[in-house]
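The values are calculated or read from the model by the stated rules, or taken from the named source; none is laboratory data. As the structure is a computational prediction, the values presented were derived from the model and not from experiment. Note that each Cβ is placed from the backbone with ideal geometry, even for glycine, and that neighbours are counted across all protein chains shown. Each accessible area value is taken on the protein alone, full model and side chains, heavy atoms only, with ligands, DNA and RNA left out. Shrake-Rupley method; radii C 1.70, N 1.55, O 1.52, S 1.80 Å.
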Amino acid sequence: MTAQRTAPETMGETDVIDLLQAQHAMIRDLFDEVEQASAKDRAEAFTRLVRLLAVHETAEEEIVHPYARRKIDGGDAVIDDRLAEENEAKELLSRMDQAGPAAPDFMENLLMLRAAVEAHARSEERYEFLQLRAHTSEAERRSMAAGVKAAEAMAPTHPHPGTESATKNLLVGTPVAMMDRVRDVIRQTMGKKP
């Protein structure tokens, strides 16, 4: 899987539900890739996984969750549950990102992260996405897909626990995203993994 293939903002899906479900599949594939990678290739695959998870969750928090709160039955409770799951996963991902794939507990943490992320994705698909599809028009879902792609193009590339609301993402997300992306470029230039 190439870095371009894991850039969610370049995906062709035009329905937000199809887009997010395709990203969930991409995330599962990246977990497989990280798990199966040799020690020397694991860092690059993990970097792509971190980036994909970070931009995906930021876009959901900025675009999808606020819309779902208003549109679906019991939206506040459904979204509050998803945000709590996202924060837990971000906490673990952040620790793993800082420690790197050479950490002695990396594989153990990766398995815990994968279980949490996959359970979260199933909950989104069951409790949020099904209702969102039923309570929105095709035009609304196309518009949200465009918004998600735009948010992903500007999102932080590393996890930042505690910014699980649209407001927090918009207030701190842009400066943090700029810092993340500059840091990534500097590390790549210096021959280090982002």
Within region 163-177, identify whether any single residue is open to solvent by less than 50 Å² (accessible area, probe 1.4 Å), assigned to a helix (DSSP H, G or I), more than 23 Å from ALA45 (Cα to Cα) and modelled with pLDDT of 95 or more, and answer yes or no.
no
Just checking: which of the helices (runs of 4 or more DSSP H) contained wholly in region 30-117 hold 2 or more residues that are touching a Pro at 6+ places or on another chain (Cβ under 6 Å) and at pLDDT below 95?
39-59, 75-99
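Among the residues that make up region 49-56, is at least one of them closer than 30 Å to ARG141 by Cα and open to solvent by 20 Å² or more (accessible area, probe 1.4 Å)?
Taking every residue of region 49-56 in turn, at least one turns out to be closer than 30 Å to ARG141 by Cα and open to solvent by 20 Å² or more (accessible area, probe 1.4 Å).
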As an exercise: evaluate ASP180 against (1) open to solvent by less than 50 Å² (accessible area, probe 1.4 Å); (2) modelled with pLDDT of 95 or more; (3) over 26 Å from VAL78 (Cα atoms) and give the number of the one condition it does not meet.
(2)
Would it be correct to say that LEU19 is out of contact with any Leu (no Cβ under 7 Å at 6 or more places or on another chain), in contact (Cβ under 8 Å) with a residue 40 or more places away in the chain and either in a helix (DSSP H, G or I) or within 23 Å of ALA153 (Cβ to Cβ) (or both)?
yes
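Looking only at residues that are farther than 18 Å from PHE31 by Cα, hydrophobic (A, V, I, L, M, F, W, C) and open to solvent by less than 50 Å² (accessible area, probe 1.4 Å) in region 116-138, which one is nearest to the chain's Cα centre (by Cα)?
PHE129
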How many residues, within region 73-115, are among the aliphatic types (A, V, I, L, M), surrounded by 17 or more Cβ atoms within 10 Å (Cβ to Cβ) and either touching a strand residue (DSSP E or B) at 6+ places or on another chain (Cβ under 8 Å) or under 22 Å from ILE63 (Cβ atoms) (or both)?
4
